[in-house]
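S.K.: Pasting a structure here, questions to come.
The values are calculated or read from the model by the stated rules, or taken from the named source; none is laboratory data. Just so it is clear, the model here is predicted, and its values are computed rather than measured. No Cβ is skipped: glycine too gets one built from the backbone with ideal geometry, and neighbour counts run over all protein chains shown.
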Amino acid sequence: MRDPRVTLRERPVLAATVAVVVLGAIGVWVVANTVFPYHSLNHDEGVYLQQAAMLLDGKVWLQPPIDGLFRPWFFIESENGLYSKYAPVPAAMFAVGELLGGYRLALVGIGGGILLLTAAVVREVFDARAGLLAAIFVGLSPLFVIDASVFLPYAPTTLLNLAFAYGYLRADRTGSLRSGAAAGAAIGLAFFARPFTAVLFATPFIVHALWTLYQKPRDAFPRQAATAVLGLAGVTITLGYNAVVTGSPLVFPYQEFAPLDGLGFGQRRLLDHELVYTPRLALEVSRKVLWSLYTSWVAGGLFGTALAAGGVLAVLRRRPSPRKLTLAGVFLSVGVGNAYFWGNYNILGVLDRPGDGFIATHGPYYHFDLLLPTAAFAAVGALYGGRWLHSLLESRLSVPRARTALLVVLVLSGGIFAGVTAVSLDERLGRNAEITDTYEDTYEPVENPPTDAVVLLPDTYGGWLNHPFQPLRNDPGFDGETVYALHDQPFAVAEEYPDRDLYRYAFRGFWNPPDGSPQAARVQPVTVVRGEQLSLDTTLGTPAGATSVTVRLSGADGTSTYYGATPTDGSVSFTVDVTDDTLTLVGADGRTDSVVRPDDGPVVATAFIDYPGGTGFTYRVEMPVERVGGETRALSPELEWCRDARACDGAAAYVPGHGPEGIFVETALDADPNT
């Protein structure tokens, strides 16, 4: 049994470990604020932050003021309101950061805690030097650097798993009931956070616990009982939470959201994404994910992986202790067990397309727990290899030459390790930074959002908030300085918030940040006008070279009326008059023509700007209107200019100042003064 006391020889190592922990925590802070200031491509971040805000407000459910317009991404509808498909433990950990001054402070604590507990666990199994090297290995791994810097549950759950491992191993060494109880509490919380993840990580320790109970039942039972009781308490709390939100202790919220989104083989489905997940597909997916992990997402890439493999071989050659075998068992339980979960298929995107899916930006995050055994045995491999090489050189060279040769080899090896790690980190951080550059342009108009306002958001991926617009979240009471709602029922939103200013957020381009789209965005003030007759005056810019303009006003049953004009002074103007029954297109020359007004839906006018040779582009003006009693009310129109007709209906917003010279749209919406 290792002496638990810190020796004089260990003190410098432990001091260096503390320095590594501090530097790693600072690194998380820097990456979180510089690479992910608007969050990442994984929109689950917004789910956890919305849930964290709810916990701080004492809420489990959200009660939106209007059904269908305020539902955050991955929230479930119930009689009590909306609740998250995810367990609240990671969100609660993030909420602690907000209590201390900002959500990202939680990431700093979680990241630093992972490094500290990695060193502590490895010290328990091996020694302090191995613990130091293991912490360095984890701190330099791209998987840690990126996933510890975002608001996702993988790093928080690993922190709890590491706390369990340390408490368990310490209790096993000292017999401490307190350590055993702490281990049980930690794994109980980990189970509440991510049950399958916790079970996979704990399995080798459970095997070890059963073995120690068999070998020394009197010594082992008290501490193992303390661990088991607290661990089962976490399971009980989990089942109780399930019963509260889903109505059944055995139905988890994610199952309530999507019953076929879970463990096992066969038909799997999440919303409109589905496939048949077979054991053969699971093997292929696991191979790809583990290959990515060990070539690109651990420190040193294949070099670091080779060190870990060497460490495993070195340990196995020396009749390893059960504690060392337990740590090595995490390789099997996590690596093999995750094949049972189809989520590993989903993070790969298209299997035969390299660089696709979340694995390209976030890495194989379902295998985050594998950083511990990989780092531990890489540290052992480095120490064992150093000792072996030193012994070999001293047996063949003089002492001075042996030391020189050893130094050269260590410098070269360290250089290779550092170089591979730096290249890997630069590539992965750079990929995410490029996405953030797109986000910076996209969110620039709402960097300082309008206050005492409601902002209407496009339903880019359907009827969800924060998917994709993660930074644009509502307070749990839907009463913050800025309220965000989907644009589908703008009049209902205006009625719900009559004392707030109304705005519309729109972007230009399809939502594909990895490819640099959207290119620009705007926040457009929106006015509400009502009366028996409304008039929309529109002026459109016509760039130099345009030869003609054709304006089309759409009516009921597919009917249309047209107005043709020749651009003068770089623009063309027209008016749309709206009454209870008709839409009238009034040209700048006074010509008029009317069509029957549609019973429901917006008023849509398009203008094709023609150039010689038949080329050109289109403006689109879409004005929400509705009948209320005997009057009509309307909102300021949505405005687009479209090079490609396929983008003209949601992906080509007019952004002032963005586009060729001569592009502009001006509108004025008023009630007819004669009514």
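S.K.: Here is a list: L159, L200, L213. Which entry is closer than 28 Å to I237 by Cα, part of a helix (DSSP H, G or I), without any contact (Cβ under 8 Å) to a residue 12 or more places away in the chain and in contact with a helix residue (DSSP H, G or I) (Cβ under 7 Å, 6 or more places away or on another chain)?
M.R.: The match here is L213.
S.K.: Taking into account only those residues within the stretch 497-530 that are within 23 Å of A607 (Cα to Cα) and aromatic (F, W, Y), which is surrounded by the most Cβ atoms within 10 Å (Cβ to Cβ)?
M.R.: F507
S.K.: How many residues does the stretch 178-225 hold that are under 32 Å from the mean Cα position of the chain (by Cα) and either of a type in the set (S, T, N, Q) or over 24 Å from G262 (Cβ atoms) (or both)?
M.R.: The number of residues fulfilling the criteria is 8.
S.K.: Moving on. Do we find that R173 is over 25 Å from the mean Cα position of the chain (by Cα) and either without any contact (Cβ under 8 Å) to a residue 24 or more places away in the chain or not in a helix (DSSP H, G or I) (or both) in this structure?
M.R.: It is false that R173 is over 25 Å from the mean Cα position of the chain (by Cα) and either without any contact (Cβ under 8 Å) to a residue 24 or more places away in the chain or not in a helix (DSSP H, G or I) (or both).
S.K.: Of all residues being without any contact (Cβ under 8 Å) to a residue 60 or more places away in the chain and either part of a loop (DSSP other than H, G, I, E, B) or among the β-branched types (V, I, T) (or both) in the stretch 470-496, which is surrounded by the most Cβ atoms within 10 Å (Cβ to Cβ)? Just the residue, please.
M.R.: My answer is V483.
S.K.: What are the residues in the stretch 337-360 that are without any contact (Cβ under 8 Å) to a residue 40 or more places away in the chain and assigned to a helix (DSSP H, G or I), if any?
M.R.: Result: G343, single match.
S.K.: Keeping to the stretch 531-563, report how many residues are in a strand (DSSP E or B) and surrounded by 14 or more Cβ atoms within 10 Å (Cβ to Cβ).
M.R.: Qualifying residue count, the stretch 531-563: 19.
S.K.: Follow-up question, since we're still on this one. Where in the stretch 87-156 are there helices (runs of 4 or more DSSP H), lying wholly inside it, with at least 3 residues that are in contact (Cβ under 8 Å) with a residue 60 or more places away in the chain, under 17 Å from the mean Cα position of the chain (by Cα) and more than 14 Å from W29 (Cα to Cα)?
M.R.: Passing ranges, in order: 89-100.
S.K.: Quick one: which of L283, L327 is assigned to a helix (DSSP H, G or I), touching a helix residue (DSSP H, G or I) at 6+ places or on another chain (Cβ under 6 Å) and aliphatic (A, V, I, L, M)?
M.R.: L327
S.K.: Working only within the stretch 225-246, note down all residues that are within 28 Å of I76 (Cα to Cα) and either out of contact with any Gly (no Cβ under 8 Å at 6 or more places or on another chain) or polar (S, T, N, Q) (or both).
M.R.: Selection gives T236, T238, L239, G240, Y241, N242, A243, V244, V245, T246.
S.K.: Another question, then. On the basis of being part of a loop (DSSP other than H, G, I, E, B) and modelled with pLDDT under 90, does D589 make the cut?
M.R.: So D589 passes the test.
S.K.: If you take the residues of the stretch 137-176 that are of a type in the set (V, I, T) and closer than 17 Å to T203 by Cα, which of them is surrounded by the fewest Cβ atoms within 10 Å (Cβ to Cβ)?
M.R.: Among those that are of a type in the set (V, I, T) and closer than 17 Å to T203 by Cα, it is T157.
S.K.: Looking at (1) crowded, with 16+ Cβ neighbours inside 10 Å; (2) at pLDDT below 95, find the lone condition where Y241 falls short.
M.R.: (2)
S.K.: Separate question: Look at R620 and say whether it is assigned by TED's automatic domain parsing to the domain that holds E532, of a type outside the set (A, V, I, L, M, F, W, C), outside any helix (DSSP H, G or I) and surrounded by 17 or more Cβ atoms within 10 Å (Cβ to Cβ).
M.R.: Spelling it out, R620 is indeed assigned by TED's automatic domain parsing to the domain that holds E532, of a type outside the set (A, V, I, L, M, F, W, C), outside any helix (DSSP H, G or I) and surrounded by 17 or more Cβ atoms within 10 Å (Cβ to Cβ).
S.K.: Additional query: Restricting to the stretch 106-157, name every residue that is over 25 Å from V420 (Cα atoms) and either hydroxyl-bearing (S, T, Y) or in contact with a Lys or Arg (Cβ under 7 Å, 6 or more places away or on another chain) (or both).
M.R.: E124, V125, P153, T157, listed by residue number.
S.K.: Follow-up question, since we're still on this one. Quick one: in the stretch 32-66, which of the residues that are assigned to a helix (DSSP H, G or I) and in contact with a helix residue (DSSP H, G or I) (Cβ under 7 Å, 6 or more places away or on another chain) is nearest to A360 (Cα to Cα)?
M.R.: A32
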